[in-house]
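Here's the structure, in structure tokens; my notes come after.
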Amino acid sequence: MRSKFDEQLEALHRDLIAMGALCESAIALSAKALEEADAEKARGVFEYVTRIDRAERDIENLCIKLLLQQQPVATDLRVISSALKMVTDMERIGDNSGDIAEIVSMGHITAGQNGLNLRDMALATIKMVTDSIDAFVKSDRELARAVIDYDDVVDGHFNRIKSALIGTLRGPEADGEAALDLLMVAKYLERMGDHAVNIAKWVLYAVTGEKEPE
């Protein structure tokens, strides 16, 4: 019986890795669509969002099956409950990628207009998502804590981008609509970093049994 349970836990790990990869792809494609002001690429993000939503439902069903059909011990319960919380944050990361794609699709941002290092911010966010999932699979407390600390990097990007956009709005030829759209993109990336922090905190709970402070 336990061997079957362990196989299903391993399947849960694989499914979480796959869902994390979808989130990474969604962020990367939305950032690429933004960089090139490419509405076609932006529409491709929504396919990832749909797949992320489907992955969330599949993982939730697997977690419920593990809870109802098996006899998990306390450690297993922490892992399963953490996974249920994590997929909610990953689903929201997918939604935020879709939000960025929607902004690109509106056409207020033109190619070459984004000189704000939003691409670097997107890469930093992807790193946080990747590392938070790796930390869960490896039960790696140090990696989880590194994700939490790395949020300062993403926040730093956001603050610099916000300051730069405020500066452009003071210029004589300010494009207020595009500036607000770019600020919203940066805010969505910052939120994704916050969701990755939440994932890392649930990893620490799964491993230690102690809930990290908000």
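Scanning the range 21-80 for residues that are of a type in the set (A, V, I, L, M), closer than 24 Å to N96 by Cα and more than 16 Å from the chain's Cα centre (by Cα) yields a count of 6.
Within the range 113-155, can you find the residues that are polar (S, T, N, Q) and farther than 17 Å from A101 by Cα? Listed by number, the residues that qualify are N117, T130, S132, S139.
When each of A26, A31, A55 is tested for being touching an Asp or Glu at 6+ places or on another chain (Cβ under 8 Å) and crowded, with 21+ Cβ neighbours inside 10 Å, the lone residue that passes is A55. When the residues of the range 34-52 are narrowed to those that are crowded, with 16+ Cβ neighbours inside 10 Å and among the basic types (K, R), which ends up modelled with the highest pLDDT? Of everything passing the filter in the range 34-52, R51 is modelled with the highest pLDDT. Of the numbered criteria (1) surrounded by 14 or more Cβ atoms within 10 Å (Cβ to Cβ); (2) at positive phi, the one L204 fails is (2). Here the condition is being part of a helix (DSSP H, G or I) and either among the aromatic types (F, W, Y) or modelled with pLDDT under 95 (or both); of I59, I80, it holds for I80 alone.
Taken over the range 15-56, residues that are over 21 Å from K85 (Cβ atoms), part of a helix (DSSP H, G or I) and small (G, A, S) amount to 8.
Has the range 90-101 got any residue that is under 20 Å from S139 (Cα atoms) and in a loop (DSSP other than H, G, I, E, B)? No, the conditions are met nowhere in the range 90-101.
For E91, the test of being within 18 Å of W202 (Cβ to Cβ), charged (D, E, K, R) and either out of contact with any Pro (no Cβ under 8 Å at 6 or more places or on another chain) or modelled with pLDDT of 95 or more (or both) is passed. Flag: K65 matches the condition of being more than 25 Å from G156 (Cβ to Cβ), surrounded by fewer than 17 Cβ atoms within 10 Å (Cβ to Cβ) and modelled with pLDDT under 90. Within the range 157-214, the set of residues being more than 15 Å from L123 (Cα to Cα), modelled with pLDDT of 95 or more and charged (D, E, K, R) comprises just one member, K201. Here the range 132-191 is the region considered, the condition is being of a type in the set (S, T, N, Q) and surrounded by 16 or more Cβ atoms within 10 Å (Cβ to Cβ), and the residue that is farthest from the chain's Cα centre (by Cα) is T168.
Within the range 68-77, the set of residues being surrounded by fewer than 17 Cβ atoms within 10 Å (Cβ to Cβ) and either assigned to a helix (DSSP H, G or I) or free of Cβ contacts under 8 Å to residues at least 40 places away in the same chain (or both) comprises L68, Q69, V73, A74, T75, L77.
The values are calculated or read from the model by the stated rules, or taken from the named source; none is laboratory data. Everything numeric here is computed off the predicted structure, so don't read it as measured data. Backbone-built Cβ (ideal geometry, glycine too); neighbour counts: all protein chains shown.
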